[in-house]
C-alpha cells in the first residue's frame, strides 16, 4: 500500500510538471517536432492566458481623456485634459490593508531580523505620522497598525520606497507558493535571510533551497538532467508593482460602465457616474459614496445622522466599488503612483500609449563567466545599463528628465562628439556619469536636476511649505479622509517625497497583463 501511494504521488507530480508543455507537435516554420527531444527538444508551453494573481482585478485597457474635466480652483494647470491609451493590466481590488502589510513586516522580521535588522526597520510603518501638533491622535500612534480593530483598514505611514519593497516581497511569496503547489520546490520555512526564496534569484538559477521535482529538460544536450522553471513556461507571475499615474486614473474612472459602441456616454468626474458625491440609487438614495471631509470642521456629520460615517480611515472594502470592482478609488486614503512628478504631465513629444515618467533602465551585474552576482544579503545586484550611442529608442539608463529641459533632452545628440573622451563642459566620462570604484557608476548629476520653474508653494500643511520638485518626488492620486471633494476627482494629482510618509497616503499594487488585452 505504501509503495502504491508513492507511485501515485510520482505520477501526479509528473502530470503537473508536464502540463506546462505542449504535446509533441510540428512547427509551422520548419516542420520539425516541438517538445520532442528526438527533434532538438525546442519547448513550447501550452499556456495561452495569464492567470489572475492573488488580490488583483483585471482592468481592460483602452483610450480615455486623462486630466481635469472641471474647474481647477487652485489654478495649478498640472493635468490639462489629453487623450492617452492604457494597456490592459491588473490592479488590487482594495488598498493594501494593515493586515496585509503586517504580514510583510512579520515575514521580514522572521527572515532578516537576526542578520539584517536594518531591513526590518526600513519597512516598518511610521506610526508617528498620525501626530498633529494641535490634535489628539495618540491612540492611532499606539494602536492603528497593531490593533485587530484596524486590520481591515488601509495601511498608512508608508513611504513610496516602502510600498516598492512590499511589491517585491509580495511577488516572491506568490511565486514561491506557485512552485510549492506545483511540487517544484519544498515548503521550507526554515530557509530565511539569504536563503529565502526570491524570484530573481530563482530565475538566475541561484536558488539554494531544496528542490522537489524540477521540470524535465527536453534539450538532448542536457543529458537528461532536469531544469528550473523559466519565464517561457508561463508558470510564474510577472512582478507586482505600483500603478502608473495613467493606469491609476484610468482604473478609477471605470469607463467600461459608461461606454456604448466606442463612445463614452459621460466623462466621469469621480469613479462613479454623475457629478454628485451621494448615491442616486433609490435603495441607497442620498448616501455618501466616499470617505472625505465634507467642510471645514465636518469630518463625519452629526451624531445620529452621520454623513459618510467615518472621521479618519474606513475599512478597505467599504462603499460601493466602481465598474471595475475597485473599492475606495476616491477618498479614504490617497495612493502612491510609480511616476516621478512633473508639473506638465504630457509634454510635447511624450508617448500617448502607456505614458510614464521615471524610467531608469537596469540590468543584473554579471562576472567574467556571465554569472549573475548576488549581494551579501542574497539579493541580485543590479546596475544602470551602459550608455549606448547606437540606440535610437534610448541611449542612457536614466531617462527621468527626458523632454524636461535637461541638456540631453534638448540636444539629444550632444554626447556624440565626446563618446570616446571626456565632455569638456561637465568633466565627466563618456557616459556622462561619475565613476565609482565599487559598483561601476553612481547616479548622474541629472538625477539631482531641479529647475525654478517647478518650485511652488503648497497650502497643504502636511506637504512641505516650499517644495522643490525633483526626481525624488512621486505622484499621489485620489482624495483621502482629510480632503475636500476637489481631491476626490480622478483627474486631480498631487506629489510627495518618495522617502516620506503621512497619515493620509496608502497604496495598492498593480501587475502587467501579458498577452491578450481582453479576458
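Quick note: the coordinates plus some simple rules give every number you see, no bench work behind them. Worth saying up front: this structure is predicted, and the values here are computed from it rather than measured. Virtual Cβ from ideal backbone geometry, glycine too; neighbours counted across all protein chains shown.
With neighbours defined as other Cβ atoms within 10 Å of a residue's Cβ, the residues 505, 123, 256 order from fewest to most as 256, 123, 505. The protection proxy used here, the mean number of other Cβ atoms lying within 10 Å of each residue, ranks peptides 174-183, 125-134, 326-335 as follows, highest first: 326-335, 174-183, 125-134.
Fully extending the segment from residue 212 to residue 42, taken as 0.36 nm per residue of separation minus the present Cα-Cα distance, adds 58.8 nm.
If you take the alpha carbon atoms of region 86-128 and fit the smallest convex hull around them, that volume is 129 Å³ per residue. Computed over the alpha-carbon pairs of region 243-329, the distance histogram in 10 Å steps reads 16, 43, 31, 9, 1 percent, short to long.
Between residue 26 and residue 106, the distance separating the two model label sites (each 7 Å from Cα on the Cα→Cβ line) works out to 5.7 nm.
Once the C-beta distance of residue 128 and residue 391 is scaled by a Förster radius of 30 Å, the resulting FRET efficiency is 0.05 to the nearest 0.05. Full extension of the chain segment joining residue 371 with residue 514 gains 48.7 nm, where the gain is 0.36 nm per residue of separation less the Cα-Cα distance. Ordered by the number of other Cβ atoms lying within 10 Å of each residue's own Cβ, fewest first, 318, 272 fall into the sequence 318, 272.
Placing a label point 7 Å from the Cα of residue 266 along the Cα-to-Cβ direction, the residues of region 316-336 with a backbone N closer than 19 Å are 320-326, 328-331.
On a per residue basis, the convex hull of the C-alpha atoms belonging to region 134-271 measures out at 229 Å³. Cβ crowding within 10 Å ranks 60, 262 as 262, 60, fewest other Cβ atoms first. Site pair residue 256 and residue 225 shows an inter-label distance of 4.6 nm when each label is modelled 7 Å from Cα along Cα→Cβ. Using the empirical formula 2.2 N^0.38 Å as the baseline, the Cα radius of gyration of region 204-262 reaches a ratio of 2.01.
Using the Cβ-Cβ distance between residue 52 and residue 152 with R0 set to 22 Å, the FRET efficiency works out to roughly 0.55.
As a rough guide to protection, the peptides 220-232, 107-119 ranked by mean Cβ packing within 10 Å, highest first, stand as 107-119, 220-232. The protection proxy used here, the mean number of other Cβ atoms lying within 10 Å of each residue, ranks peptides 370-376, 482-488 as follows, highest first: 482-488, 370-376.
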